[in-house]
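> Please see the structure below; I have some questions.
The values are calculated or read from the model by the stated rules, or taken from the named source; none is laboratory data. What you see is a predicted model, and the numbers here were worked out from it, not measured in a lab. Neighbour counts are summed over all protein chains in view; Cβ atoms, including those assigned to glycine, are modelled from backbone coordinates with ideal geometry.
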Amino acid sequence: MTSHPAERRLRGIAMRITSATSFALMAALLKAASARGVSTPEMIFYRNGWALLIVATWLTLGPGWKAVRTKAPAAHLTRSAVGLVSMLLTFGALALLPLGEATALTYAAPIIATILSAIFLKEQIGIRRWAAVAVGFVGVLLIAHPGNGGAPIGILIGVAAAFGQSAVMITVRQISRTEDVAAIVFWFTIFTTIAGAAMLPFFGSMHDRTTMVLLALAGLGGGIGQLSMTASLRYAPVSVVVPFDYLQIVWGITIGWLVFLTPATPLVFAGAALIAASGIYTAYRERARGKEPAEARSMPESS
């Protein structure tokens, strides 16, 4: 029996809220682990290694293992390498910046992706979308303001992470034209788990039980967030669910204040609001232009 369209949209929205919340908790857990001496390469390994359990369970109960077959292994390798660099930068920003600022900066990725799409994919960008890009960059500048207290190197890494995330969006957009989303998620998770394991002899160390629990929960949260984000698109269009991605910024600022005792400044609030408005409007314009890609999304994948 087919669900009513309104019911399907509500289900898609609920899944997107689950995704934003899961990613926010994952980021908070990784930041807590970083404060306990966990290196960024270790975060890569544990985040993806534990997420692999979620992905494997989903494949077994859902689309099946045939869905991971691919005719484009080189494309998956390129997409995974770009994603790995992006994830390293994203987790590095988490370690160096207050949680709210680090989260908000990564959400500049859709803005940058618009520019990269115009340059590399030759997409036509109208004046209103360019205006949205300009608004988003004003938001980035407000967050990067020295008066916010963020370490300059952390700000640079956070901005670099946003560029990395935008590159991921472009590569995913290209590969999703021919590859199943299950294959994209699975091979990326495999690649980053192996890459993280390869870095452990150089950057890994022993940790106490509490730290290992934090890392396990972060990985499971990341896996749940990834799959609920993807599943939301089965029930509702991107333009409907994208606004709920920005709940992660709200959660990041709130958790940063209540747990890490780093309240956001008014400039960070203003910058986050401008970035969110820019991203939501960009998604709306994609919908209006009839170019809303089936697997597109606003939320940074490396979250």
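> Can you tell me which residues in segment 165-223 are outside any helix (DSSP H, G or I), among the β-branched types (Val, Ile, Thr) and either modelled with pLDDT of 95 or more or within 20 Å of LEU25 (Cα to Cα) (or both)?
Answer for segment 165-223, where residues must be outside any helix (DSSP H, G or I), among the β-branched types (Val, Ile, Thr) and either modelled with pLDDT of 95 or more or within 20 Å of LEU25 (Cα to Cα) (or both): there is none.
> Test ILE157 against the criterion of being surrounded by 15 or more Cβ atoms within 10 Å (Cβ to Cβ) and either among the small types (Gly, Ala, Ser) or within 17 Å of PHE91 (Cα to Cα) (or both), and give yes or no.
Yes.
> Same structure again: Do you know which residues across segment 193-215 are under 15 Å from PRO41 (Cβ atoms), hydrophobic (A, V, I, L, M, F, W, C) and surrounded by 11 or more Cβ atoms within 10 Å (Cβ to Cβ)?
Once the filter is applied, which keeps residues that are under 15 Å from PRO41 (Cβ atoms), hydrophobic (A, V, I, L, M, F, W, C) and surrounded by 11 or more Cβ atoms within 10 Å (Cβ to Cβ), segment 193-215 yields ILE194, ALA195, ALA197, ALA198, MET199, LEU200, PHE203, LEU215.
> Identify all residues within segment 13-40 that are surrounded by fewer than 21 Cβ atoms within 10 Å (Cβ to Cβ) and over 15 Å from HIS207 (Cα atoms); write none if there are none.
Within segment 13-40, ILE13, ALA14, ILE17, THR18, THR21, LEU25 qualify.
> Give the residue, chosen from ILE184, ILE119, ILE194, ILE170, that is without any contact (Cβ under 8 Å) to a residue 12 or more places away in the chain, out of contact with any Lys or Arg (no Cβ under 6 Å at 6 or more places or on another chain) and within 25 Å of ILE224 (Cα to Cα).
ILE194
> Go through segment 254-282 residue by residue and tally those that are within 16 Å of the chain's Cα centre (by Cα) and surrounded by fewer than 24 Cβ atoms within 10 Å (Cβ to Cβ).
Adding up the residues that qualify gives 2.
> Can you report the number of residues in segment 57-72 which are without any contact (Cβ under 8 Å) to a residue 60 or more places away in the chain and part of a helix (DSSP H, G or I)?
Looking only at that region, the number is 5.
> Further, regarding this structure: Here is a list: VAL140, VAL159, VAL85. Which entry is at pLDDT 95 or above and not hydroxyl-bearing (Ser, Thr, Tyr)?
The unique qualifying residue is VAL85.
> Identify the residue in segment 109-135 that is modelled with pLDDT under 90, closer than 28 Å to ALA28 by Cα and out of contact with any Phe, Trp or Tyr (no Cβ under 7 Å at 6 or more places or on another chain) and, among all such residues, is surrounded by the most Cβ atoms within 10 Å (Cβ to Cβ).
ALA109
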